[in-house]
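**Q** Just dropping this structure here.
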Amino acid sequence: MSTSGDGAGRPVVVDMGAWQVARDELLAREKAHTREGDAIAAARRRLPMVEFDGTVEVVGADGAVAFLELFQGREELVVYKHMWHDGAPHQGQCEGCTTTAWHLRDSAYLNARGVSFAILTEGPWDEVAPYLEFMGYTQPWYSVRGLDEPVGGSMGYLTCFLRDGDRTFLTYSTTSRGNEVASPFFGLLDMTPYGRREAWEDNPEGWPEAPQVGSPLGGRGAPICWYWRTDVDGNATWGPTSRPVPQWTRPGVTPEETLGRQGECH
């Protein structure tokens, strides 16, 4: 037996037995999805790799160091390449990259498995250092300004490397929604009745619509990623008083009047 929900935009109400039947049907699909993910991971481990010069220098808190040092003696390394707006204040820095970096503040479990972690950015170190202090980040960050792929180059990527003695290799890289693996809140939102509330989602009729917040990214499904930026009251906005969401948790943070951006992210 089933009845409608308490109002528009809610799941139908059923008894526990009917819910379990529907849940078991979905579980079969979820298990198939998990097995396919395992198969893709197996194929990923069989990708070829590209050797590059690991002696190229990056700039961190202790000055210039060879890229090899980022492995910290381990064989494997995962990095996130964080975009940067030159000359912009803290609130003007990349909101999408903040989403990923904020969820990668601790690499204890990676380290326990023999994998090091670092964040690379094309921002100049004299701008990056105060930003790290403001955000409270403790993971290793390095400026790769002016360097070519695979160390520098395009930003917004999760990238994996392997070390064999003093030889270094690029093994894997992903961007866009491939970065979601680093941000568990996406998966948790996907479990909730209303999901992410993004315009591209396939929702039942009557479900709450995505907040109508224009995104400078535009393109298919805009407005998108409304949770990237809010004002001090938590209202989604891309305006000059907005900040990437985690910044409102920082001690003493205040609303500002400008994002101070000068062109595209680096």
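The values are calculated or read from the model by the stated rules, or taken from the named source; none is laboratory data. Because the structure is predicted, anything quoted here is derived from the model rather than measured. For neighbour counting, all protein chains shown are included, and Cβ atoms are generated from backbone atoms with ideal geometry for every residue, glycine included.
**Q** So which residues in region 240-261 are closer than 12 Å to G92 by Cβ and not charged (D, E, K, R)? Please lay out each step first, then the result.
**A** Kept after step one, since they are closer than 12 Å to G92 by Cβ, are these residues of region 240-261: 240-244, 247, 256-261.
Within region 240-261, P240, T241, S242, P244, Q247, T258, L259, G260 qualify.
**Q** Which members of region 146-159 meet the condition of being surrounded by fewer than 16 Cβ atoms within 10 Å (Cβ to Cβ) and of a type in the set (G, A, S)? Break it down into steps so the answer makes sense when it comes.
**A** As a first pass, look at region 146-159 and keep what is surrounded by fewer than 16 Cβ atoms within 10 Å (Cβ to Cβ): 146, 148-149, 153-154.
Result: G146, G153, S154.
**Q** Y137: outside any strand (DSSP E or B) and in contact with a Gly (Cβ under 9 Å, 6 or more places away or on another chain), yes or no?
**A** Here the answer is no, as Y137 does not meet what is asked.
**Q** Select from region 99-118 the residues that are more than 21 Å from D164 (Cα to Cα) and of a type in the set (A, V, I, L, M, F, W, C) and write down the one among them that is surrounded by the fewest Cβ atoms within 10 Å (Cβ to Cβ). Working first, answer last.
**A** Here is the first cut: in region 99-118, the ones more than 21 Å from D164 (Cα to Cα) are 99-109.
With the extra rule that they be of a type in the set (A, V, I, L, M, F, W, C), the set shrinks to 101-102, 104, 108.
On the way: A101: 24, W102: 19, L104: 20, A108: 8.
This residue is A108.
**Q** Go through region 217-231 and report how many residues are at pLDDT 65 or above and either surrounded by fewer than 13 Cβ atoms within 10 Å (Cβ to Cβ) or outside any loop (DSSP other than H, G, I, E, B) (or both).
**A** 5
**Q** Return a yes/no flag: does region 124-145 have any residue that is at pLDDT 95 or above, surrounded by 13 or more Cβ atoms within 10 Å (Cβ to Cβ) and under 13 Å from the mean Cα position of the chain (by Cα).
**A** No.
**Q** Further question on the same structure: Anything in region 50-65 that is surrounded by 15 or more Cβ atoms within 10 Å (Cβ to Cβ), of a type in the set (G, A, S) and assigned to a strand (DSSP E or B)? List them, or say none.
**A** Passing the criteria: only G60.
**Q** Got at least one residue in region 27-45 being in contact with a strand residue (DSSP E or B) (Cβ under 9 Å, 6 or more places away or on another chain) and within 30 Å of R145 (Cβ to Cβ)?
**A** Looking through region 27-45, at least one residue is in contact with a strand residue (DSSP E or B) (Cβ under 9 Å, 6 or more places away or on another chain) and within 30 Å of R145 (Cβ to Cβ).
To keep it simple, each residue is scored yes or no on (1) assigned to a loop (DSSP other than H, G, I, E, B); (2) over 15 Å from G54 (Cα atoms).
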| residue | (1), (2) |
| --- | --- |
| G73 | yes, no |
| V78 | no, no |
| D86 | yes, yes |
| T99 | no, yes |
| L104 | yes, yes |
| E149 | yes, no |
| L158 | no, yes |
| F161 | no, no |
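**Q** Among the residues of region 47-74, write down those that are among the polar types (S, T, N, Q) and within 12 Å of A118 (Cβ to Cβ). Before the answer, list the steps.
**A** Our first condition is that a residue be among the polar types (S, T, N, Q); within region 47-74, this holds for 55, 72.
Result: Q72, single match.
**Q** Can you confirm whether region 161-172 contains a residue that is surrounded by fewer than 18 Cβ atoms within 10 Å (Cβ to Cβ), in contact with a Cys (Cβ under 7 Å, 6 or more places away or on another chain) and at positive phi?
**A** no
**Q** Just one of the numbered conditions (1) over 18 Å from V115 (Cα atoms); (2) loosely packed, with under 15 Cβ neighbours inside 10 Å; (3) within 26 Å of the chain's Cα centre (by Cα) is not true of R44; which one?
**A** (1)
**Q** Could you please give the count of residues in region 184-208 that are at pLDDT 95 or above and buried (at least 16 other Cβ atoms within 10 Å of the Cβ)?
**A** Here the count works out to 0.
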